[in-house]
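Here the structure is laid out as structure tokens; the discussion comes afterwards.
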Amino acid sequence: MRTAALLALLCLALPAAAAPALGDAAVVAAGRLAEKANYSWSTFITNDSNNGQIHVEGQTVRGGFTMFTIRNLPDILRNRGIMRDAEGATPVFYRDGRSLLLTDLGWLAPDELPAAPPATRNSNPGSRGGRSGRGPAPGNVPTKVEDYTFDFRHPHEDLDLIIGSYTTIRPAADSFSGELTPAGAALFLSFFAQAKVEVRRATGTFHCWIENGVVVRYEVMLTATVNVVGDRNPLPVTCTITTEIHDIGTTRLNVPAVVRAKLG
């Protein structure tokens, strides 16, 4: 599999007389974000099938903590004491594959969340893909909070995925675009790492914009069918992921002491 880091090193090793082609420059630009000490970003994930939208704001420090807020969480997560601000955003800290969510009881890992109230335990859990435009039909999304692992990719990991799974790439002076493999497109649809959700017949295209040699914006457009394991009623999904990267090298992240203690 091609990786941004490896190809970036290869390009940097070229002699001065052998300037990299535009395609190589695109790969280098995609890999440079991972080299930055810190950055912030905004991501919008729009599901065209029901006009739903997830909004993520994040900050990350290389080799350290990541903090992000998620708007429009599935209902099943709202019923577990998870706190939201006035705009409906839930803060999450993440490090080395582990997450903590801010709840009524403080910062808790997903498996530490209190049980859902009996009246809501079997309620319609969500805002992901639906037939009616108001959320999915019962049985078509995970029904336990443990199914949402909050394992996510940073923007620099998204860019690695693009470079590692494209079938075609069309570079320009300050951007590049192309198509993804079916496997790459399917990985982009696993936002909450829902182990019980299968993605089938996935296709995807991408467009990335470059400033000062670094990708600062990318858009991924995806189509697929998804269904819960064991469910015979797959749902069509058409969504767009748009990410803007900013404050590269100047992001400051304040981590509460209790979060440092629990995540190390």
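The values are calculated or read from the model by the stated rules, or taken from the named source; none is laboratory data. Everything quoted here is computed from the prediction, not taken from an experiment. Here Cβ is always computed from backbone atoms with ideal geometry, including for glycine, and neighbour counts include all displayed protein chains. The protein model used for the area step is the full one, side chains on, heavy atoms only, and it has no ligands, DNA or RNA in it. Shrake-Rupley method; radii C 1.70, N 1.55, O 1.52, S 1.80 Å.
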#### Entry: Among the candidates 163, 245, residue that is in contact with a strand residue (DSSP E or B) (Cβ under 6 Å, 6 or more places away or on another chain), of a type in the set (A, V, I, L, M) and closer than 23 Å to residue 38 by Cα
245
### Task
For residues that are open to solvent by 20 Å² or more (accessible area, probe 1.4 Å) and either hydrophobic (A, V, I, L, M, F, W, C) or modelled with pLDDT of 85 or more (or both), scanning just the stretch 43-53, find the one that is farthest from residue 214 (Cα to Cα).
46
### Query
Does the stretch 175-185 include one or more residues that are touching a residue at least 24 places away in the same chain (Cβ under 8 Å) and under 15 Å from the mean Cα position of the chain (by Cα)?
yes
### Message
Just to check your reading of the model, which residue among 67, 83 is modelled with pLDDT of 90 or more and open to solvent by 20 Å² or more (accessible area, probe 1.4 Å)?
### Response
67
### Task
Report, by residue number, each residue of the stretch 225-264 that is β-branched (Val, Ile, Thr) and in a loop (DSSP other than H, G, I, E, B).
229, 248, 250, 251, 255
